[in-house]
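*Asks:* Dropping the structure in here first, questions after.
Any read-out appearing in this document is the output of simple, stated calculations on the displayed coordinates, not a laboratory observation. What you are looking at is a predicted structure, and each value in this text was computed from that prediction instead of being measured. For neighbour counting, all protein chains shown are included, and Cβ atoms are generated from backbone atoms with ideal geometry for every residue, glycine included.
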Amino acid sequence: MCADLMTVPRKSPSSVLRSARSLSKILAITIAMGMTLPSPVSAQSSEPAASDLRALIYYLDHDDQRSVQAEMRRLRSQFPMWTPPSDVNQLRAMTAVEVATVDVAPIWNRIQRNDFAGARSLIDQARTRVPGWSPDAEMLRLLETGESQAAFEEAYARRDLTAAVAAARRTPALIRCDRINNAWRLAELYELAEQNQNAVTTYRGVLTSCTQLTDVVPTLEKADRVSSLEEITALFDLARQRGPASSDRLTQLEERLRAGRGAGTRTASTRTTTRTTTRTAAATTTAVVAAPVAAAPASAAAPLPATPVAAGRLGLRGDGRISTVRRHKEQGNWPACLAASANPRSIEILYERSWCAYNLDRSGEALAGFTIAATRGSGLGGNIPRDSRFGMILAYLAMHMTEEGARVAASTNLTRQQRVEVETTILDQRGVRAYHSEDYGQSVAYFNALQELSGSLRRDLAMLRAYAYLNLRQYDQALAEFTRLHNELATDDTRSALQSLSNIMSSG
């Protein structure tokens, strides 16, 4: 980051990598940074296969720092016990042995036909035939989601609440905004089981994360059946907080539903129209099946924890631990920073702690702290208020609460560097969400804007854009994109895409 952001301790992977003078040094720094990332406690295997490392080597050879970081995070998550070599040549040696490839097109065809058992059978056969081969993460994700969706639909048909909840807990993606029918059906099953409170909580989770009016209106209408007057009133207040632009339309709906109950019209002074605050979000985002509905397909928006301290008792300064906390922060020692700043006794300490929490993926806690620092930390001087709002935006985006982050960004005078970082992430998330919502034209527009802003497009997003072209039947554009990606780095994914496109074009 530029000099005027020195108060922001967030360690940017791209800025660190740009200072490297060799690919080996890039890899060493990347590994060192990857070691600070929290990893799952288990994985399918302890060592990545040669095929798992091809993309990382490609990104290193092309000095694509953002992609290197993303790929390292994926590898660290999938193989938490693996210690990467510090020399890129050693990494290349690990992939020197040729691995037989597998024609994955038949597997994809089974998945697309919802023949999940058949897809599993083909995967098992391929693993037996080609030792060391494993399906890519996207294939497994879609397969597992499809299996859980089928299980959920069967449970709903049987009116089996227990099985439906089990499917949703097993695959939280089932109750995100792009599959909002599942959340509605789950609430319906709670209603049939006379668990109205759980139904109301499920509808509240939808309203917390899904802000499109086409989602909000039917959710409120369904919730009206199982909610008390006080509960439906609170749900309307929440909906207005999450989507203030729709306030007038929501007020008209509320008046209609209240009239149906024989209740009077609420006065304007009793309606909550302010934007969502951290405290409100903390009180309303806990969903019944342990994961709230979220618009982004990659991960659900995590519930925000309660504010970590009683903000009203905090002074600006006066906590003597500030030098120690700052030292740990500047060193990138996030756990030590959090330990040294426990129970902050000043906004100054809370601000520093929030950056450490953010870098440890404790985004909800970071958001709570940044919110306090942004509203009450102006007396600290410098760029603290602005950078606190920058931290709020990053925390929102880390939780895939894209529109909330965008609203804060629109009202904040960010530096150019901050603005580019924020808008890049927003376009990324909006493009992915549009794709999974089958709004392929909008998805392409977002990805094109992202490429224009950043000068390049991450490989996974370029693949998604190519599939968007395919779904739009813009076959020439899809062919050009898939061919370019295949020529840059030939993988099973690009081969499968080109084969599928060839079949479509030849049959059409």
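*Asks:* What ranking, highest mean first, results for peptides 193-206, 216-229, 251-264 when packing means the other Cβ atoms within 10 Å averaged over each residue? Numbers along the way, then the final one.
*Replies:* Working: 193-206: 21.3, 216-229: 18.3, 251-264: 13.8.
Descending packing order for the listed peptides: 193-206, 216-229, 251-264.
*Asks:* Between residue 504 and residue 490, what is the label-point separation in nm under the 7 Å Cα-to-beta-carbon projection?
*Replies:* Once both label points are built, they end up 2.3 nm from each other.
*Asks:* On to the next question. With the cut-off at 1.5 for a/c, could you classify the stretch 108-228 from its C-alpha gyration tensor as rounded, prolate or oblate? If you can, show how the numbers build up before the last one.
*Replies:* Numbers: a/c = 3.33, a/b = 2.29, b/c = 1.46.
Judged from the Cα gyration tensor, the stretch 108-228 comes out prolate (a/c at least 1.5, a/b above b/c).
*Asks:* Would you please give the FRET efficiency between residue 137 and residue 103, computed as 1/(1 + (r/R0)^6) with r the Cβ-Cβ distance and R0 = 22 Å, to the nearest 0.05? Display every interim value, and only then the final one.
*Replies:* Values: r = 19 Å, r/R0 = 0.85.
With R0 = 22 Å, the Cβ-Cβ based efficiency is 0.75.
*Asks:* How high is the relative contact order of the stretch 306-414? Use alpha-carbon pairs under 8 Å, at least six apart in sequence, and give a whole percent.
*Replies:* Working: 160 pairs, mean separation 23.6, N = 109.
About 22 percent, as a whole number.
*Asks:* Taking 7 Å along the Cα-to-C-beta vector as the label spot, tell me the residue 90-residue 316 distance in nanometres, rounded to one decimal.
*Replies:* 5.1 nm
*Asks:* At a threshold of 8 angstrom on Cα-Cα distance, excluding pairs fewer than six apart, so keeping six or more, what relative contact order does the stretch 146-284 reach in percent?
*Replies:* Numbers: 141 pairs, mean separation 23.1, N = 139.
Reported relative contact order: 17 percent.
*Asks:* Given axes a ≥ b ≥ c from the Cα gyration tensor, I'd like to know whether the stretch 146-284 is rounded (a/c under 1.5), prolate (a/b larger than b/c) or oblate.
*Replies:* Details: a/c = 2.35, a/b = 1.71, b/c = 1.37.
Since a/c reaches 1.5 and a/b is larger than b/c, the shape of the stretch 146-284 is classed as prolate.
*Asks:* Rounded to the nearest 0.05, what FRET efficiency do residue 263 and residue 159 have when you use their Cβ-Cβ distance and R0 = 25 Å? It would help to have the intermediate numbers written out before the result.
*Replies:* Numbers: r = 32 Å, r/R0 = 1.26.
My answer for the efficiency is 0.20.
*Asks:* Between residue 336 and residue 445, what is the label-to-label distance in nm when each label sits 7 Å out along the Cα-to-Cβ direction?
*Replies:* Here the answer is 5.0 nm between the modelled labels.
*Asks:* With r defined as the distance between the Cβ atoms of residue 181 and residue 128 and R0 fixed at 45 Å, what FRET efficiency is calculated, to the nearest 0.05?
*Replies:* Details: r = 38 Å, r/R0 = 0.85.
In this case the efficiency is close to 0.75.
*Asks:* What number comes out for the charge environment of residue 171, summing +1 per Lys or Arg and -1 per Asp or Glu over other residues with Cβ under 12 Å away? If you can, show how the numbers build up before the last one.
*Replies:* Details: positive: 141, 169, 170, 176, 179; negative: 144, 147.
My count for the surroundings of residue 171 gives +3.
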